[in-house]
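*Asks:* Dropping a structure here in structure tokens format, bear with me for questions.
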Amino acid sequence: MRRRKVSCAVETFAITAVALILSASVIAAQCVLTCTANITSSTDTDACSADLMYDFPDTSGDCSTQSCDPPQGQFPVGTTTVTCTDDDTNATCQFTITVNDTQSPTITCPMNVTGGTDPDVCTAVREFSAPGLDNCPNVQVMCTPTSGSSFPLGTTTVTCTATDASGNNASCAFTETVNDTQAPTVKCSGNITQSNDPGLCSAAVTFAAPTAADNCPGVGTAMCDHTSGASVPVGTTTVTCSATDAAGLMGMCSFTETVQDTEPPTIDAGPDQRRLLIDSKPVEVVFPPPTFGDNCPGASAACVPPSGSLFPGGITTVTCTATDTSGNSASDTLLVIIAHAVPVLGTGMLVLLCAGLAAMAVRRLRARS
């Protein structure tokens, strides 16, 4: 009986040892994968990814071949988890590949711009573009001042910045120069027409002061080349007024001052002329020229019939007229009295009969008229 117990104990020990050996064998055969460390890289030049190679995992135990997903090659910006798997045991390990966009965008500013103000304002609205490029999409461009802003007179620097999704940025700058190219507006009074001052060949002409306005502040007072209230000669005189702004631009306007000579000349035909008619032949009568004057030079006078004409017997009215260069005229008359010569009995002298009475009658009629 004792020998049986011993035999059973030995058998039990042997079975336990075999189980332990088999268990250790199984444990030693398990596949274990150890992945590479996490990888960080920058993007390739002008690309929004990186072309990367990595090491396959280290193995221990009973492993076969491994495959990793994603495979080696292009990795986008950001963090990608790579999982490596043993093809037979499905043992796995993981690591990350992080691709950072470290490339700054590029931005192109326009050339410096110079131009004039917009009509009737001291500013100019300017449109422009500053394109930005980047190796990755979604680059944003901001300019200060922005396109479409109203730029004041002078030079303004515009700064444009392109920023990509990773916060990389690049800047450029240019200038917008606004010059005042609009001359002032000068408003004159209307054309003026008036008569000469009495006894003068001119007139004192007054006019309202011109006004000046400009798109920019700083316009000077409008000045004229004639002074209001100054003496202006008969005829038409052009008055020019001008104003200059802060940019040196000049605006002008003009109007005319027309002084009309409306004053007639004065004339005195002179004394009546008396002659004797002999043998019934017309008598040549020469008389002094009339005396005349005018407020303006250039007046002339003529008599009808003229001095030196042949006058018949009787009374002839001679009309003398003075006319100035403006067409104004005035007239005066004298009488040419041609009397018949007759003898007076007993005296042997010639006397004028009826001539005096006739002349007096004509004078009375002229005075009444």
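A short reminder: the numbers here are calculations on the coordinates, not readings from a lab. None of these values were measured; they are calculated from a predicted model. We place every Cβ from the backbone using ideal geometry, glycine too, and count neighbours over all the protein chains shown.
*Asks:* Would you mind checking region 137-172 for residues with the amide N under 18 Å from a putative spin-label position 7 Å along Cα→C-beta of Thr96?
*Replies:* 166
*Asks:* Something else now. With label points built 7 Å along Cα→Cβ from the Cα atoms of Val304 and Ser147, find their separation and express it in nm.
*Replies:* About 8.5 nm separates the two model spin labels.
*Asks:* Once fully extended, how much extra length lies between Thr316 and Met223, figured as 0.36 nm per residue of separation less the alpha-carbon to alpha-carbon distance?
*Replies:* Values: separation 93, 0.36 × 93 = 33.48 nm, distance 6.13 nm.
So the extension gain works out to 27.4 nm.
*Asks:* Between Ala173 and Thr45, what FRET efficiency comes out of the Förster formula 1/(1 + (r/R0)^6) with R0 = 35 Å and r the beta carbon distance, rounded to 0.05? Intermediate values should be presented prior to the final figure.
*Replies:* Numbers: r = 26 Å, r/R0 = 0.74.
So the FRET efficiency works out to roughly 0.85.
*Asks:* Another question about this same structure. Can you give me the distance in nm between label points at Ser231 and Asp279, each placed 7 Å from the Cα along the Cα-to-Cβ direction?
*Replies:* 5.9 nm
*Asks:* What is the sum of charges, Lys and Arg at +1 and Asp and Glu at -1, for the other residues whose Cβ falls under 15 Å from the Cβ of Gly167? Walk me through the numbers before you get to the answer.
*Replies:* Numbers: positive: none; negative: Asp101, Asp134, Asp164.
So the surrounding residues net to -3.
*Asks:* When only alpha-carbon atoms count, how far does region 128-263 stretch along each of its three principal axes, as whole angstroms with the largest first?
*Replies:* Its Cα atoms span 94, 18, 15 Å along the three principal axes.
*Asks:* To the nearest µm²/s, what D does Stokes-Einstein give for region 252-348 at 20 °C and 1.002 mPa s, using the Kirkwood radius over alpha carbon pairs as Rh?
*Replies:* On the way: Rh = 15.9 Å.
After rounding, the answer is 135 µm²/s.
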